[in-house]
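Data block below; observations after.
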Amino acid sequence: PEAPAKIRAALDGFQGVPVITGYVAKDAHGHVTTLGRGGSDWSAAIFGAALGAEEIQIWTDVDGVMTADPRIVAHARQRERLSFAEAAELAFFGAKVLHPATMLPATQSGIPIRVLNSFRPETPGTTVVRALAPHERGVKSIASKHGIAVVNVVAAPMLHQSGFLERVADVFARHEVVVDVIATSEVSLALTTDANARLEPVAAELARFSDVSVLREMALVSVVGEELRDSPRVPALVLATLAELGVKVEMLSYGATRNNLSVVLPEARLHETVLALHERLFG
């Protein structure tokens, strides 16, 4: 919240056109640093919000947000409009077009973000807006991530006792392992994380109070769209498609924002699953 005010103050009375870097920055002590992945886009969103821009444009190397990863689905189509909520879900679940942090300043200010292709400036790109019209709230895209590990934690002695989730979360936090998706029951927990994470010490500590197993070479497939909030059509189609393929689902997550349905499955089945779901949902 302080950044836009500071930017407006710095530009007050400025003559000319300011040219501002996005990736390189200075920290609170004046040391030169970098902002990391998505830093340039995030900077653009902060300045756009500070200036009250009509639109924030992100120029990249793709036409916009697609219905699936074009490397998997060659005939994937461009999406014209997304909501901020849909774009955030896609960014979290594998799409590289927009970083979730980029959307926060725009969301707070209600400024649309347009993703455009530097190599094909004639294309209209994808516009990300605060709210969609009712007819625009369909399924938007299938995001996918490979290199996923699943940690299954079962602690029968914790039945009817408080603190199970807290103990598990504390172990992951102390070992600095980032958790992506969680599915839980009263005495069991399944979590996904990066397969390259150092899970051996995590599993060893969890084993002190639970039974632990780790599955690697898994993948995450997420179907994203605001239609999921209100319609049973999409979950039914997704589960029917997985059943027809005979894909073993290790984990399923649906809830929270209710803009996505995510399944964890063997990495070897990722491509055929995405292709089949794309044909069923968009074909």
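The values are calculated or read from the model by the stated rules, or taken from the named source; none is laboratory data. These numbers were taken from a predicted model, which means no experiment stands behind them. All Cβ positions, glycine included, derive from the backbone under ideal geometry; neighbour counts span all protein chains shown. These area figures cover heavy atoms from the full protein model, side chains too; ligands, DNA and RNA do not enter into them. Shrake-Rupley method; radii C 1.70, N 1.55, O 1.52, S 1.80 Å.
Tabulated data for the structure shown
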quantity	calculated
Extreme residue, most open to solvent (accessible area, probe 1.4 Å), among residues of region 234-283 that are among the hydroxyl-bearing types (Ser, Thr, Tyr) and within 19 Å of GLU217 (Cα to Cα)	SER253
Those residues of region 103-148 which are open to solvent by 50 Å² or more (accessible area, probe 1.4 Å) and on the phi > 0 side of the Ramachandran plot, in sequence order	none
Verdict on LEU98 being of a type in the set (A, V, I, L, M, F, W, C), over 27 Å from MET251 (Cα atoms) and part of a loop (DSSP other than H, G, I, E, B)	no
Filter pass, LEU90 being part of a strand (DSSP E or B) and either touching a helix residue (DSSP H, G or I) at 6+ places or on another chain (Cβ under 6 Å) or within 27 Å of TYR23 (Cβ to Cβ) (or both)	no
Hits in region 182-215 (condition: assigned to a strand (DSSP E or B), open to solvent by 50 Å² or more (accessible area, probe 1.4 Å) and either in contact (Cβ under 8 Å) with a residue 60 or more places away in the chain or of a type in the set (S, T, N, Q) (or both))	ILE182, THR184, SER213, VAL214, LEU215
Region 149-181, subset modelled with pLDDT under 90 and of a type in the set (Asp, Glu), residue least open to solvent (accessible area, probe 1.4 Å)	ASP180
